[in-house]
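One structure is given here, and the rest of the page talks about it.
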Amino acid sequence: MATDSAAIMETATRDDDLYTKDGTVDICGRRATRASTGLWKAAGFVLVNQALVSVTYYGIYNNLVRYLTNVLHQSNATAASNVNLWTGTSSITALIGGFISDSYLGRYWTTTLFLFVYLLGMILLTLSAALPSLKPPSCDTGVDCQPASPAQTGVFFFAVYLGGLASGAYQPCNSSLGADQFDEENPDELPKMTAYFNWFYQSMTVGALLASTLVLYTQENVSWSFGFGICTIAMGLAVVVFLIGTPLYRNHGPGGNPLVRVFQVLVATVRKMGLKNPNDASLLYEVADDKPSIKGSRKIQHTTNFQFLDKAAIILPSDLEEVNPWRLCTVSQVEEVKCIIRMLPILLSSIVYSIVYSQMATLFLEQGGTMDTHLGRYKIPPGSLSVFENLSILVCTPTYEWFLVPLLRRFTKHPKGLTDLQRIGTGLFVIMLSMVVAALVEIRRLGVARDHGQLDSPAAVLPMSVFWLVPQYFLVGASEVFTFIGLIEFFYDESPDGMRALGSSFQLTALACGNYSSSLVVTIVNGVTGRRGHTSWIADNLNRAHFDYFYWMLAVVTGIDLVFFMVCAYFYKYIKTVSFSNE
């Protein structure tokens with residue numbers, strides 16, 4: 001008997017060393033082996049894929065406002081609103097991708113599906129820019145230009161929104177799939193997951209840098225169709241790279257519809273609202289220790305906040321006859337709902353950050369269009385200024401990881417140096433500074449226009465270098481290293497296992513809400529400040545407008561939001577899971 005027990009223990013130990021313990025499987029549905037799947041050899045394909053997709057996305061995003069004004073002949077305010085709406089849509093659809101992934105297809109197949117949809121959208125977009133019948137005649141004067149016809153506008157927006165929809169739906173699934181390559185139950189692999197999020201954002205930045213240089217230069221100096229063609233080729237390569245890595249990926253299968261589980265908790269809570277919670281939380285309902293409460297998910301420890309939801313887990317004698325999930329829910333299922341409620345204030349507070357961030361693709365770009373863009377003999381497209389944002393990220397990310405974290409760790413005693421929430425809050429402060437700098441630079445730009453008698457010459461190039469805009473771009477990039485990476489990691493870590501793709505979509509949801517809100521804010525400010533014959537703060541004639549007032553307003557709003565965020569962060573309670581081993 002002793003020999004048999006020893007053999008069994010030896011086999012179990014060997015299996016633990018051979019297989020992952022976080023519930024992941026390979027593409028064929030077999031338990032994922034440590035040696036042949038996952039880690040950097042698999043995550044590398046995700047990172048390269050992300051870089052190529054970023055070339056495509058930022059090849060559109062960085063210069064979309066210029067295409068709308070210069071090719072489709074829209075006004076500055078209309079173009080800015082359309083860019084914000086498109087950016088918002090390409091982010092809000094992350095919820096769709098996350099839902100499909102967690103409920104039905106899993107991260108791998110959802111990513112694959114929307115990569116192909118994205119490629120189709122890019123092919124159509126390239127055709128809309130290449131065929132003369134799909135765009136209005138060119139107009140060099142910038143005055144009284146023929147606008148695009150409804151059909152031309154419709155074709156363009158169908159193509160660009162198809163790509164935007166796929167971009168948003170793909171993003172949370174891809175980022176989560178990359179993080180899944182590291183076993184959280186393995187102490188050797190867990191630290192690599194934190195490093196993965198930094199490298200994931202770096203890969204996005206590399207793609208954005210290529211878009212801000214190669215793609216933007218092609219769009220401005222060769223043709224828009226060639227520029228979008230480069231994006232289409234990059235998208236095709238992204239599909240190929242992702243599929244090559246298929247045998248190496250560790251995959252989490254779908255855990256069922258998370259929205260149904262949420263509604264089950266709410267319905268069960270209402271049905272038992274009149275009951276009193278037990279003093280001992282162990283009396284609440286949970287499945288046996290050796291079984292997961294939710295398919296493929298670890299159990300979640302009970303927390304004492306939002307105790308009214310615990311009523312859904314109160315056990316009545318009639319509940320045990322036949323467990324009905326609409327009358328009796330597990331503690332883990334209740335804690336899923338609590339996790340969502342706890343994350344909502346963080347999601348809301350990050351919307352203001354996204355409003356400020358969206359100015360980089362609209363108002364910053366319009367400012368640059370009025371300034372001297374020459375660097376020696378070379379003329380730099382205004383959209384390429386985002387290269388300084390990218391360079392800021394490329395510099396600040398390793399600086400944060402290799403220097404700031406070890407330094408901060410000495411004082412905070414936290415393994416990450418800063419908690420995710422502290423990191424996010426730091427980024428909010430930095431982006432507030434970027435608005436202050438942007439306002440000061442705009443005051444200088446308006447002074448140059450006034451001193452040179454160019455207030456009523458909006459098409460004239462001001463004798464002021466576009467490189468005055470570099471500090472505000474650099475500060476926005478630095479803020480992303482703190483806030484965007486912090487949000488990506490925060491929402492992944494704090495989401496229950498059964499809704500991690502959906503949770504990862506919250507960062508993009510905040511970005512979407514920020515862009516929609518920015519579009520609304522621009523429309524309101526443009527209307528209110530332009531009443532009774534006054535010149536709007538965001539007028540088409542930038543030399544008569546007052547972007548500086550708008551930037552000061554955003555700086556104040558961001559400061560108020562930072563205070564709100566700090567209060568939310570102070571009271572936040574982090575998720576605690578119960579580890580389990582694969583059977």
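The values are calculated or read from the model by the stated rules, or taken from the named source; none is laboratory data. What you are looking at is a predicted structure, and each value in this text was computed from that prediction instead of being measured. In this analysis, Cβ positions are derived from the backbone assuming ideal geometry, glycine residues included, and neighbour counts consider all displayed protein chains. The area values use the complete protein model at the heavy-atom level, side chains included, leaving out ligands, DNA and RNA. Shrake-Rupley method; radii C 1.70, N 1.55, O 1.52, S 1.80 Å.
A few comments on the model shown:
- The length gained by stretching the chain between T246 and T304 to full extension, at 0.36 nm per residue less their Cα-Cα distance, is 16.7 nm.
- Other-chain or far-sequence residues with amide H under 5 Å of M464's (modelled H): D372
- Cα centroid separation - segment 335-384 against segment 189-205, whole Å: 22 Å
- Overall form of segment 185-251 per C-alpha gyration tensor (a/c, 1.5; a/b vs b/c): oblate
- Structural descriptor for the chain: relative contact order 22 percent, calculated from alpha carbon pairs under 8 angstrom and at least 6 residues apart.
- Taking 0.36 nm per residue of separation and subtracting the Cα-Cα distance, full extension of the segment from T523 to D188 would add 115.5 nm.
- Restricting segment 163-237 to chymotrypsin sites (Phe, Trp or Tyr not before Pro) that sit in a DSSP loop and have at most 14 other Cβ atoms within 10 Å of their own Cβ leaves nothing.
- Label-to-label distance, I27 versus D319, with points set 7 angstrom from Cα along the beta-carbon direction: 4.4 nm.
- Cys with no candidate disulfide partner in the chain (beta-carbon separation under 4.7 Å rule): C28, C173, C231, C329, C339, C396, C513, C568
- In this calculation the C-beta distance from R450 to V578 is compared with R0 = 56 Å, giving a FRET efficiency of 0.25.
- Exposure ranking of L177, L113 by accessible area [1.4 Å probe, largest first]: L113, L177
- Ordered by solvent-accessible area of protein heavy atoms (1.4 Å probe), largest first, the residues R410, R298 come out as R410, R298.
- Amide hydrogen neighbours beyond the local backbone of Y19, cut-off 5 Å, H modeled: R34
- K338 - accessible surface, heavy atoms, 1.4 Å probe, Å² rounded to 10: 0 Å²
- Computed [θ] at 222 nm, helices only, for the chain once each DSSP H run of length n ≥ 4 contributes -39500 (n - 2.57): -20500 deg cm²/dmol
- Carbon and sulfur %, accessible surface of segment 78-191 computed with the full protein complex present, 1.4 Å: 71 percent
- The stretch between L127 and V270, if pulled fully straight at 0.36 nm per residue, gains 46.0 nm over its current Cα-Cα span.
- In this structure K299 has an accessible area near 20 Å², from a 1.4 Å probe over the protein heavy atoms.
- Over the C-alpha atoms of the chain, the Rg to Rh ratio, Rh being the Kirkwood estimate, stands at 1.02.
- For T426, neighbours were defined as the other residues whose beta-carbon sits under 13 Å from its Cβ, and their charges (Lys and Arg +1, Asp and Glu -1) total 0.
- A Förster radius of 25 Å combined with the Cβ-Cβ distance from L120 to V222 puts the calculated FRET efficiency at roughly 0.55.
- 1.4 Å probe accessible area per residue over the chain, in Å²: 42 Å²
- Put simply, the amide H of V578, placed in the peptide plane, has neighbours under 5 Å in K299, I300, Q301, leaving out anything fewer than 5 places away on its chain.
- Modelled FRET efficiency - R0 60 Å, L440 with V260, Cβ distances, 0.05 increments: 0.70
- Split the accessible area of segment 370-451 by element, probe 1.4 Å, and carbon with sulfur accounts for 67%.
- List I96, I380, ordered by accessible area with a 1.4 Å probe, largest first: I96, I380
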